[in-house]
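Reading through the structure tokens given below for one structure.
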Amino acid sequence: MRDRLLAQLGPRDRSSFLLATVIVALLAGCGDLTGRPPNVVLYVIDTLRADGLGAYGGAKATTPHIDEFARQGVVFEQVWASSSWTRASMASILTGRHPWNHATAGRADRLPEDLTTLAAIFSERGYATALVSANPNVGSVFGFDRTFDATFELFTRSQPGVVRGSELVATSEQVGGDAIGWIEAAPRPFLLVVLSIDPHSPYTPPRRFDPALERPGTRVTGLPASINRKDLSQRDKARIRELYRAEITYNDHSFGAVLKALDEQGLRNDTLVILTSDHGEEFWEHGRRGHGRALTEELLRVPLAIRHPMNPRVPAGGRIVHPGQSVDILPTILDLVRVPVPDGVDGRSLLGTPRTPDEPLLAGLELDGIEMLTARDSRWKLVWDVRQSQLQLYDLQTDPGERTAVDVTRDPLARAAQQRLRDALETDIREGRQRRPERSQAGPLPQNVEESLRALGYIE
Ligand SMILES: [Zn+2]
């Protein structure tokens, strides 16, 4: 590749190309240009589908701040969430482990104390650490505050005492405000993890972010009474999707404010910023709306973009096409700051050697009586309903929408793929047994947590 490139260049181009190669190689050896450990901001937008962003080709997306941010760094085009609900997926992001290896997959599960987390790793290296979370699934009740110096739990958008049913979810503006406040006073270097929740239902964007182009002829709102109705028309559904996109636009605005605060503090060059999501959302593609009940592509395809202006390993305008998953985020961050990955991590740095076609991506869901596993390679996707003992194989090249399972009895190639993907899951689960922590359960829920979980649809 390099020789072919050199052959196409003139003598002058050739020497500057070689010089650039040497500089990049030298820089790669020492991390970034400053030699100082960078600050790290991991900003997670709950329930954000990859195609909810312009940077991922979202046709109707209005996300100028995120798109600009993505252009300033590297976009990972093919990233899969490790689960399709918040607590399990966030535990994967923060530990680098598959759901069956972090034991935080189910409704009552608490993050086990003996797991090494991203915050613990950075704390040990002298970082100040904070978590700002708008989702109680990632709060102190479920053990997520452990190993952070400071935890801000924002489970309501109103002042105490004036909370309405639709306002039990904090806005990204409030979340961003707390994040900015902490950054301004935090010792350096710092690690800040933000979980903001706007695109999560209920879909109630502020009016100024709602284009309302799909509103004429509908009477639906983004509240449960509308979005859970069984008799919605196509127009109603289009309007509900629009409300979801408007929430993303609102969060884009709030994320932009956090980036601006970094600029104003003179921290832009010294800060590694990672933007991702914990899972996507279904909008009736398979008959359902919401998440946490299946492992379809609408739920698993998430965005991931990384910006660090002083680090040549994440150059502006970079696009990485080889596949990755949420468990790779922790090792990728550690790779960028030159910190060794702890034992027991399932993921790997997305800036290292790409996976081979024989190393499938894995994800799982264990929630409310559902127990599902999935594995995919560049062509095939296996969905394994463990409770129902049902295996379904999809050919994503010819059927990216997972409409029709392949009849493996008629196709030897498909049959072999199914076996290979199933083996990969079984091997990973078997080998993980040795290092799996004990399951730990949360106690009774405080009232504000219970109310907030109910507003988010986690408690019926
Ligand atoms: Zn979530």
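Given the options Val220, Val193, name the one that is buried (at least 20 other Cβ atoms within 10 Å of the Cβ) and without any contact (Cβ under 8 Å) to a residue 24 or more places away in the chain. Show your work before the answer.
Details: Val193 fails: without any contact (Cβ under 8 Å) to a residue 24 or more places away in the chain.
Of Val220, Val193, the one residue that is buried (at least 20 other Cβ atoms within 10 Å of the Cβ) and without any contact (Cβ under 8 Å) to a residue 24 or more places away in the chain is Val220.
Listed conditions (1) open to solvent by 60 Å² or more (accessible area, probe 1.4 Å); (2) assigned to a helix (DSSP H, G or I); (3) in contact (Cβ under 8 Å) with a residue 12 or more places away in the chain are all met by Pro211, apart from (2).
For region 369-419, the candidate set comprises residues that are under 22 Å from Ser83 (Cβ atoms) and basic (Lys, Arg); within that set, the residue that is least open to solvent (accessible area, probe 1.4 Å) is Lys381.
Helices (runs of 4 or more DSSP H) fully within region 56-125 that include at least 2 residues being within 16 Å of the ligand (Cβ to nearest atom): 86-95, 99-102.
Out of curiosity, is Ala50 open to solvent by less than 10 Å² (accessible area, probe 1.4 Å), of a type outside the set (S, T, N, Q) and either touching a residue at least 40 places away in the same chain (Cβ under 8 Å) or away from the ligand (no atom under 15 Å from the Cβ) (or both)? Spell out how you get there, then give the answer.
On the way: open to solvent by less than 10 Å² (accessible area, probe 1.4 Å): yes; of a type outside the set (S, T, N, Q): yes; either touching a residue at least 40 places away in the same chain (Cβ under 8 Å) or away from the ligand (no atom under 15 Å from the Cβ) (or both): yes.
Yes: the conditions hold for Ala50.
Picking from Leu421, Leu382, Leu391, which residue would you name as being closer than 27 Å to Gly106 by Cα and touching a residue at least 60 places away in the same chain (Cβ under 8 Å)? Give the derivation first.
Values: Leu382 fails: touching a residue at least 60 places away in the same chain (Cβ under 8 Å); Leu391 fails: touching a residue at least 60 places away in the same chain (Cβ under 8 Å).
Unique residue meeting the criteria: Leu421.
Every listed requirement among (1) out of contact with any strand residue (DSSP E or B) (no Cβ under 8 Å at 6 or more places or on another chain); (2) part of a helix (DSSP H, G or I); (3) at pLDDT 90 or above; (4) open to solvent by less than 90 Å² (accessible area, probe 1.4 Å) is met by Leu425 save one, (1). Scanning region 76-87 for residues that are within 20 Å of Arg348 (Cβ to Cβ) and crowded, with 24+ Cβ neighbours inside 10 Å yields a total of 6. Residues in region 428-460 that are more than 27 Å from Thr95 (Cβ to Cβ), free of Cβ contacts under 8 Å to residues at least 40 places away in the same chain and assigned to a helix (DSSP H, G or I): Gln447 alone. In region 296-316, which residue that is basic (Lys, Arg) and part of a strand (DSSP E or B) is farthest from Leu223 (Cα to Cα)? So the residue we want is Arg307. Taking the criterion of being of a type outside the set (S, T, N, Q) and within 14 Å of the ligand (Cβ to nearest atom), the residues of region 275-292 that qualify are Asp278, His279, Gly280, Glu281, Glu282, Gly290, His291, Gly292.
Pairs linking a residue in region 305-326 that is open to solvent by 10 Å² or more (accessible area, probe 1.4 Å) to a residue that is at pLDDT below 95 and of a type in the set (D, E, K, R), with Cβ atoms under 6 Å and 6 or more positions apart or on different chains, are Met310/Asp32.
For every residue, the table says whether it meets (1) outside any loop (DSSP other than H, G, I, E, B); (2) away from the ligand (no atom under 16 Å from the Cβ); (3) in contact with a Phe, Trp or Tyr (Cβ under 6 Å, 6 or more places away or on another chain); (4) not assigned by TED's automatic domain parsing to the domain that holds Val339.
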{"position": "Gly217", "(1), (2), (3), (4)": "no, yes, no, no"}
{"position": "Arg229", "(1), (2), (3), (4)": "no, yes, no, no"}
{"position": "Arg241", "(1), (2), (3), (4)": "yes, yes, yes, no"}
{"position": "Arg245", "(1), (2), (3), (4)": "yes, yes, no, no"}
{"position": "Ala294", "(1), (2), (3), (4)": "no, no, no, no"}
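Considering only strands (runs of 3 or more DSSP E) fully contained in region 317-402, which possess at least 1 residues that are polar (S, T, N, Q)?
Values: elements: 318-320, 361-367, 370-376, 380-385, 390-395.
Passing ranges, in order: 370-376, 390-395.
The values are calculated or read from the model by the stated rules, or taken from the named source; none is laboratory data. Not measured: the values here are computed from a predicted model. Reconstructed Cβ throughout: ideal geometry from the backbone, glycine too, with neighbour counts over all protein chains shown. For accessibility, only protein heavy atoms count, side chains too; no ligands or nucleic acids. Shrake-Rupley method; radii C 1.70, N 1.55, O 1.52, S 1.80 Å.
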